[in-house]
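The values are calculated or read from the model by the stated rules, or taken from the named source; none is laboratory data. Computed from a predicted structure; not experimentally measured. Here the Cβ is made from the backbone with ideal geometry for all residues, glycine too, and neighbour counts use every protein chain on show. The accessibility values were calculated without ligands, DNA or RNA, using every heavy atom of the protein model including side chains. Shrake-Rupley method; radii C 1.70, N 1.55, O 1.52, S 1.80 Å.
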Amino acid sequence: MLATATPPAPRQRPGRWWPTAPVRRLGLQTTPGRIRALAAIAVLAIAGFYIVANIAIGNARDGLRVIGHDAGPQVLATGDLFFALSDMDSQVANVLLTGREHDLGTRQQALNRYSQERATADRAAIQAAELSASNPIDQATVRSVLDGLGRYEQLATRAMVLNEQANHPAGPPPGHVIAVYRQATDLMKLELLPQAYNLTLEGGATVREAYAAKRAAVLSSRLWVALVGLAAIAALAGLQFFVAARFRRLVNSALALATLGLIVLSLAAVRLLSGEAAQLQAAKTGGFDSILTMSRARAISNSLHADESRFLLDPGRADTYSLAYLDKSQTVLYVPSGNLGEYHTGLSAAMKAYHANPRTVSFLGFYGDEARAHPGPAVTSILTRFQQIQADDQRIRRLAGAGDTQQATTLLTGRTAGSSSYDFDQYDKAVVSLIGMHRATFDQAIRTGDRELGQSILGNWAALLPLAALGAVILVVVGVRARLAEYR
Amino acid sequence: MKRVRATTRSRAGAAAVLALAICLPSACSAGGPPSIVGEQSLRIGVKADQPGLGLRAPDGRFAGFDVDVARYVAAKLGIRPDHITFVPVTSATRETALENGSVDMVFATYSITPERETKVTFGGPYYVAHQDTAVRRGDTAIRNVHDLKGKRLCAVAGSNSWKRVTQELNIAATLVPATSYSECVAMLLDRRVDAVSTDDLILAGFAARQGSAVRIVNAPFSDERYGIGIKKGDLGACEAANRAVSAMYLDGTAAALLHKWFGTTGLQPDTHVPQFEGCG
């Protein structure tokens, strides 16, 4: 039945399932022709391996560069810039609040701190400009911040000179001083700080995108490296078996060496790419994400602390500053609450639950994220101190509400234990220390990634790969040349 | 427009299958929640009854500052103008509309608040407005927000403005419920409420319309950051929206739009790029 259903067989030599014409054209019916063809396939496979491995390593290098050397450090530099700028304005507010009560001892301290932050802002801006060398828009933004800073200093100095002349008691200065300070703080709040903060966010966005794209690329190209590596090994093995069978030899040592080399190279490349993907992940999720979260928390915290000073300084805008204080507090640590009173109650309850069991993170916001991602004593210390600055705030507002602005000012600006500025510094130190811990994780991952890319027996992977591929090709040529010579 | 969306989605699906095919099973993580980045059409929620910001004309077209900003941002996201569908939303429906996917983005005088951020991802803010209070022309008793104590204050469902007054500032005003600010202004003129307290941009739009019947007390007491509402977790769209807003301020479009819509109201809008909220 079957035999009758089959159409007449095409004219073909028996036992050959492939069409014979191209075989003859390529000279594949002869042994040297087949050796040449198999050798060509092996060389192509090695070249293919070289190309995919090169692309894969390029992806890993790009990922490390963006995350570890460009946008990542940019986030830190612009975070420092924001903090220094925001703290300058905060210190100006404190100077204006202390008035003639120089014995508060705080005026000079605030002035010193102002100059320190001015210098920090300069350094951070220069660093941010250097890191954004490849991004003209970011560079223009940094320049614009520095230009604005010049104008800010003029206004701040004028406010402080007028304040000195006014010689008022601790508390809000006279209206003409407040008017100049409003110009200064508006310039800071509406022009300078947004630019610095947006640069931090843009750095974060760049890192997130680079991580998603480059890690996926490293992982998928790792598969390609493995597949093409296997293909090259198979081609070499095929050639080896063919030569061994035709020439009745056990092994062709050059081909065997090439095969062995390629096996080692493939395994090393796959291992390298796995390592690079792991380092990218460690740098991003183990370090960078928290650096960004905590840098933002630090920036917003400084700005809410400044709103506390401004609340006392400028009674005409007290409502605005109170509402901004609440909004910013909730951004940093969110508990459901309609006003500051409810916020303080909610915060106490959430902290009580947290201290009873640090796994009970009933709050959201930056610290909610951080406490869930990296529970531990470092976060607990920050939370305790955050609660302390909120308790100070409550006392300051109570005093101010009762009309005792002098006492409120002393509590706010004092730099000894028990005053708001002191407690805020302690809080900020805890935040900086946690950022430092994450920075160490981040740096470690980037360093390991860089080292593995740069390290192998023959040195840099970029140098090793072409050399190894070329070596394998030479070995193939050497291995088949001796056999082909037997046909001359 | 439906068809455009369907083909984009199926193309995105095919791309995802392709991406999976070249990924090692152990290595490929899900690439986060779906994003509206790469869509070819968008449904954008805007207000329909707020002059100057989002107002629907009798012919069904929408116009206002929010609408123009939405068009600009959508264009930066690669959406052709005729592929934008504006959908009216109210203060009470904004979150639901984003959550159930009936709109992709919201530009509707949508103040960023920590509470809303628990449900929505906010791009921007694209503008920072300030809450102020509007009264009837002849009413001189109300000079700032604290004078609202004991007065009848219009409270729009889903709006944050009345909460600022009665909850955050603890001012004991009597709340009179309403569904929109256009209703509030009507109630103000009918003497059913004594004051409408909300963002200066919204009040300016109504004041310009009502002529001399309404007076803004000009005592701003808050910063209201107008955010771009995006489905919670769509970080790619949020970052793209922020870049678009940066560009809008950089190329002068923001200043031009603010002048176009509020140039005659006596407001002096700020033309510097606001501090973004951040997407994560």
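Things to note:
- Gyration tensor verdict on the protein assembly as shown (Cα atoms; rounded if a/c is under 1.5, prolate if a/b is larger than b/c, oblate otherwise): prolate
- Sites counted here are chymotrypsin sites (Phe, Trp or Tyr not before Pro) in a DSSP loop (not H, G, I, E or B) having no more than 11 other Cβ atoms within 10 Å; the longest part of chain A that contains none of them is A:18-486.
- In this rough spin-label picture, where each label sits 7 Å from Cα along the Cβ direction, the B:Q40-B:Q268 distance is 4.9 nm.
- Residues whose amide H comes within less than 5 Å of that of B:Q50, counting only those at least five positions distant or on another chain, are B:L55, B:R56 (H built at 1.01 Å from N in the peptide plane).
- Using a Förster distance of 41 Å, the FRET efficiency for A:I126-B:R61 (Cβ separation, nearest 0.05): 0.25
- Pairs from the table (A:K214/B:K119; B:K163/B:K260; B:K47/B:K119; B:K47/B:K231; A:K189/B:K163) lying more than 22 angstrom apart at Cα are A:K214/B:K119; B:K163/B:K260; A:K189/B:K163.
- With DNA, RNA and ligands ignored, accessible area of A:I389 (1.4 Å probe; Å², nearest 10): 10 Å²
- Dipole magnitude of segment A:31-480, debye to nearest 20 (Cβ charges: Lys/Arg +1, Asp/Glu -1, about Cα centre): 2200 debye
- Note on A:Q407/B:H130: beta-carbon distance plugged into 1/(1 + (r/R0)^6) with R0 of 30 Å gives a FRET efficiency of 0.45.
- Test item: B:262-274 mean partner chain Cβ contacts at 10 Å: 2
- Remark: the A:H176-A:A47 segment gains 38.8 nm on full extension, using 0.36 nm per residue and subtracting the alpha carbon distance.
- Gyration tensor (alpha-carbon) shape descriptor, segment A:291-367, a/c threshold 1.5: oblate
- Take the accessible area of chain A alone and of chain B alone, subtract that of the pair, and you get about 3000 Å² summed over both chains, using a 1.4 Å probe.
- Against chain A, whose longest principal axis comes from its Cα atoms, helix A:461-485 is set at around 0 degrees.
- Distance between the pseudo-spin-label points of A:F241 and A:L260 (7 Å out from Cα toward the beta carbon): 2.1 nm.
- Debye equation applied to the C-alpha atoms of segment B:171-280, log10 I(q)/I(0) at 0.11, 0.15 Å⁻¹: -0.50, -0.84
- Over the protein assembly as shown, accessible surface divided per residue gives 43 Å², non-protein components excluded, 1.4 Å probe.
- Per-residue ³J(HN,Hα) for segment A:299-316, Karplus 6.51 cos²θ - 1.76 cosθ + 1.60, θ = phi - 60°, Hz, x for Gly and Pro: 4, 5, 4, 4, 5, 6, 5, 5, 5, 5, 5, 5, 4, 6, 6, 10, x, x
- Applying a DSSP loop filter and a limit of 10 other Cβ atoms within 10 Å to the trypsin sites (Lys or Arg not before Pro) in segment A:336-415 leaves A:R359.
- The trypsin sites (Lys or Arg not before Pro) of segment B:41-128 that DSSP puts in a loop, and whose beta carbon has at most 11 other beta carbons within 10 Å, are B:R61.
- The HN-Hα couplings worked out from phi for segment B:260-269 by the Karplus form 6.51 cos²θ - 1.76 cosθ + 1.60 (θ = phi - 60°) are 4, 8, 10, x, 9, 8, x, 6, 10, x Hz, whole numbers, x standing for Gly and Pro.
- The calculated 222 nm mean residue ellipticity attributable to helices in chain A amounts to -27500 deg cm²/dmol, summing -39500 (n - 2.57) over DSSP H runs of n ≥ 4 and dividing by all residues.
- Distance between the modelled labels on A:Q165 and A:T345, one decimal in nanometres: 4.9 nm (7 Å Cα→Cβ projection).
- Distant-in-sequence amide H partners of B:K232 (H built 1.01 Å from N, under 5 Å): B:T121
- Here the protein assembly as shown has 59 percent of its accessible surface on carbon and sulfur atoms, given a 1.4 Å probe and all protein chains in place.
- Peptide A:318-324 shows a mean partner chain C-beta count of 5 within 10 Å per residue C-beta.
- Database remark: amide H of B:V214 closer than 5 angstrom to the amide H of B:R137 (H placed geometrically; neighbours at sequence offset of 5 or more, or on other chains; Pro and chain starts carry no H).
- Linear extension gain, A:D186 paired with A:A373, 0.36 nm per residue minus alpha-carbon span: 63.7 nm
- Taking a ≥ b ≥ c as the square roots of the eigenvalues of the Cα gyration tensor, chain B is classed as prolate, since a/c reaches at least 1.5 and a/b is larger than b/c.
- As computed over segment A:31-480, the Cα convex hull volume per residue (Å³): 149 Å³
- Only Lys, Arg, Asp and Glu carry charge here, each on its Cβ (+1 for the first two, -1 for the last two); on that basis the protein assembly as shown has a dipole of about 4340 debye about its Cα centre.
- At most 14 other Cβ within 10 Å, DSSP loop - trypsin sites (Lys or Arg not before Pro), segment B:164-253: B:R191, B:R192
- Treating r as the C-beta distance of A:R65 and A:S115 and R0 as 56 Å, the FRET efficiency rounds to 0.95.
- Residues listed by number, segment A:232-264, amide nitrogen under 12 Å from A:I474 label point at 7 Å toward C-beta: none
- Each helix, a run of at least 4 DSSP H residues, gives -39500 (n - 2.57); summed and divided by the residues of chain B, these come to -9500 deg cm²/dmol at 222 nm.
- Bridge orientation summary for the protein assembly as shown: considering DSSP beta bridges with both residues in this region, about 65 percent are antiparallel.
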